[in-house]
Ligand SMILES: Nc1ncnc2c1ncn2[C@@H]1O[C@H](COP(=O)(O)OP(=O)(O)O)[C@@H](O)[C@H]1O
Ligand SMILES: [Mg+2]
């Protein structure tokens, strides 16, 4: 699902964020990306989402070499993956329902399908009764679940998340991770950047560790996780 | 279920069918159209200011055009329908005047000839207050016999001029008085005004594009984070751009409607005085409005200029916003 081949990333005016990364994530895997702050976790995820492009090497996502995706095709490319952010990135002036519906609207779904899918996604994250609310009237944990509902509503095969539990207490963090595990059981590939080592150890999925832009550890595929 | 369903071991990505896509497209446009209007309504003061400036910018050339059209309508009949006076030499008998009149009536370009004898002229003149005493002081009638010639309507100014010249060469004619020079001057002024209104139209049309473009640019700046989110979740340039284009469209349309209101008010305010003036000249001239097509041009032109302004602004500024 994701393959990094000798990938390096140097920001203009910055140092080397990633140096010669090689690894692969198969379809259906659940992978944690760990490492100290500044290790390059966000950079790696940005390369997957084509928010940044690699300085060297190839990033292949969902069978597509990101080098060959023209700027014009990036929106189409991003519709093939769900993204969850630490700060949720919800639109404050739209209801929970409208936020979750946005990817479907963008993809041109019919209204009936949109209604059905948004309800189903909100059901899945336990927010069915919050549909008409504005995001800022919800708790942080609830806002994050709205973000997750938006990421999965168009049923992408791949979900990437950058510190999705960064602002949450341990109980809520575990709740969110359990939610991700349910998606994984349904066949979604997950790549989650986090520095919450306790939680990672406890859940026991594959762990890829970065330090200063280098791969320093990879527990390898866990066969129970897909 | 919101997560991908498994089918034969493969993930099925449920995309919309082609028909749903087309319907979705039109629904999206309708939503954008109304959504952009709603957005304008949520900042009533700022929107009102923008729209008022557009309205004024569009009302000016449109109003000038109405004036020019009216002036041309007013003067169209003047050049040819103007009567001219043919004065006989002093001492010529009235019979000579009658003969000349009869000849003139036979001319194809003449519709009527009136003979005013010297006595009649004197009688007319003495009706003016203050003239009476002066005229009584004269022992003789100093006035000549006169023919008032009315050329065929629709005759060009040059043809009228030639006709008048023809009279001047006849035996016993002292003077032909054809006062069309002022009509020509008036027409020249109207022509300048017409050209000026064209130039003003161009300049103010450009101004409307700039006004809308700037407003949309600020709008884009205010919604930067929203645009970033849209791009992150796969919103195409077209999708992100559309609400802004519709926003520009609304600015233009409402500005155009406002220009219509401005012009209608101005016409209404002028109609009374113009009618009184026309009454003084004994004509039934009435101000002509821009008509339905003129209103359509204002609203349609506003829509076009607004769309164009938004198009320029989005072309220049949406590209620069990328999620980081
Ligand atoms: N836009 C950028 N410009 C320059 N340097 C950057 C930029 N983004 C990240 N970096 C640098 O790249 C390195 C990796 O950052 P990041 O990927 O955010 O790490 P992490 O998410 O693991 O904390 C850091 O040294 C950071 O300062
Ligand atoms: Mg980070």
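Throughout, read-outs are computed from the coordinates displayed, never taken from laboratory work. Remember, it's a predicted structure, so these values are computed and weren't measured experimentally. Because the Cβ atoms are built from the backbone with ideal geometry, glycine has one as well, and the counts that use them run over all protein chains shown.
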Could you give the spread of the C-alpha atoms of the range B:24-63 along their three principal axes, from largest to smallest, in whole angstroms? 42, 23, 7
Based only on the alpha carbon positions, what is the Kirkwood hydrodynamic radius of the range B:236-324, in angstrom? 15.7
So how tilted is helix A:96-107 from the main axis of chain A? Cα-based, degrees 0 to 90, rounded to 10. 60
Could you list A:140, A:43, A:189 so that the one with the fewest beta carbons within 10 Å of its beta carbon is first and the one with the most is last? A:140, A:43, A:189
Residue of A:20, A:66, A:34 that the Gaussian network model of chain A assigns the largest fluctuation, springs spanning Cα pairs under 10 Å: A:20
If I build a Gaussian network model for chain A, linking alpha-carbon pairs within less than 10 angstrom, which residue out of A:174, A:18, A:81 has the largest mean-square fluctuation? A:174
Would you mind pulling out the separation of the Cα centroids of the range A:15-55 and the range B:256-324, in Å? 57
Taking only the alpha-carbon atoms of the range B:171-324, what semi-axes of the equivalent ellipsoid follow from 5 times the gyration tensor eigenvalues under a square root, in whole Å, largest first? 52, 17, 10
Estimated translational D of the range A:1-60 in µm²/s (Stokes, Kirkwood radius over Cα pairs; 4 °C; 1.567 mPa s): 109
At 0.36 nm per residue, and after removing the present C-alpha to C-alpha distance, how many nm does the segment from residue A:10 to residue A:37 gain when stretched out fully? 8.0 nm
Return, ordered by residue number, the residues of the range B:144-175 whose backbone nitrogen is under 11 Å from a label point located 7 Å along Cα→Cβ of residue B:103. B:167-173
Given R₀ = 25 Å, FRET efficiency for residue A:169-residue A:201 by Cβ-Cβ distance, to 0.05? 0.90
Roughly what % of DSSP beta bridges within the protein assembly as shown run antiparallel, to the nearest 5? 65
Can you give me the Cα centroid spacing of the range A:165-226 and the range B:171-243 in angstrom? 60
Kindly express, to the nearest 10 degrees and within the range 0 to 90, the angle between helix A:170-185's C-alpha long axis and the longest C-alpha principal axis of chain A. 90
Provide B:246, B:87 in ascending order of the number of other Cβ atoms located within 10 Å of each residue's Cβ, fewest first. B:87, B:246
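Run the helix sum for the protein assembly as shown: -39,500 (n - 2.57) per DSSP H stretch of 4+ residues, divided by residue count, reported at 222 nm to the nearest 500 deg cm²/dmol.
Helix contribution divided over all residues of the protein assembly as shown: -18000 deg cm²/dmol.
Sequence gap at least 6, Cα distance under 8 Å: using those rules, report the relative contact order of chain B to the nearest whole percent.
For chain B, the relative contact order is 26 percent.
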Hey, in the GNM for chain B with a 10 angstrom Cα cutoff, which one of B:112, B:134, B:181 fluctuates hardest? B:134
With equal scatterers on the alpha carbons only and no solvent term, can you work out the Debye log10 of I(q)/I(0) for the range B:156-231 at 0.19, 0.27 1/Å? -0.89, -1.13
Mind listing P(r) for chain B? All alpha-carbon pairs, 10 Å bins, whole percents. 5, 17, 17, 15, 12, 10, 9, 7, 5, 2, 1, 1, 0
Contour minus Cα-Cα distance for residue A:116 and residue A:72 (0.36 nm per residue): 12.8 nm
What does the protein assembly as shown give for Rg and for Dmax, in Å, if only its C-alpha atoms count? 41.1, 136
Mean shadow area of chain A, taken as a quarter of the surface of its Cα convex hull (nm²): 12.2
Chain A: relative contact order as a whole-number percent, Cα under 8 Å and 6+ apart: 30
How high is the relative contact order of the range B:90-171? Use alpha-carbon pairs under 8 Å, at least six apart in sequence, and give a whole percent. 39
Which angle between 0 and 90 degrees, to the nearest 10, do you get for helix A:111-124 versus the longest principal axis of chain A when only C-alpha atoms count? 70
Per residue and in cubic angstrom, what volume does the convex hull of the Cα atoms of the range B:90-171 have? 112
Over the range A:166-226, what lengths in whole Å, largest first, do the semi-axes of the equivalent ellipsoid take, defined as the square roots of 5 times the eigenvalues of the alpha-carbon gyration tensor? 19, 17, 10
Quick one: length gained pulling residue B:156 to residue B:83 fully straight, 0.36 nm per residue minus the C-alpha distance? 25.0 nm
May I ask you to derive the FRET efficiency for residue B:179 and residue B:22 from their Cβ-Cβ distance with R0 = 60 Å, giving the value to the nearest 0.05? 0.30
Using a Förster distance of 25 Å, how high is the FRET efficiency between residue B:186 and residue B:112, based on the Cβ-Cβ distance and rounded to 0.05? 0.55
Ranked B:140, A:196, B:237, criterion: other C-beta atoms within 10 Å, fewest first: B:140, B:237, A:196
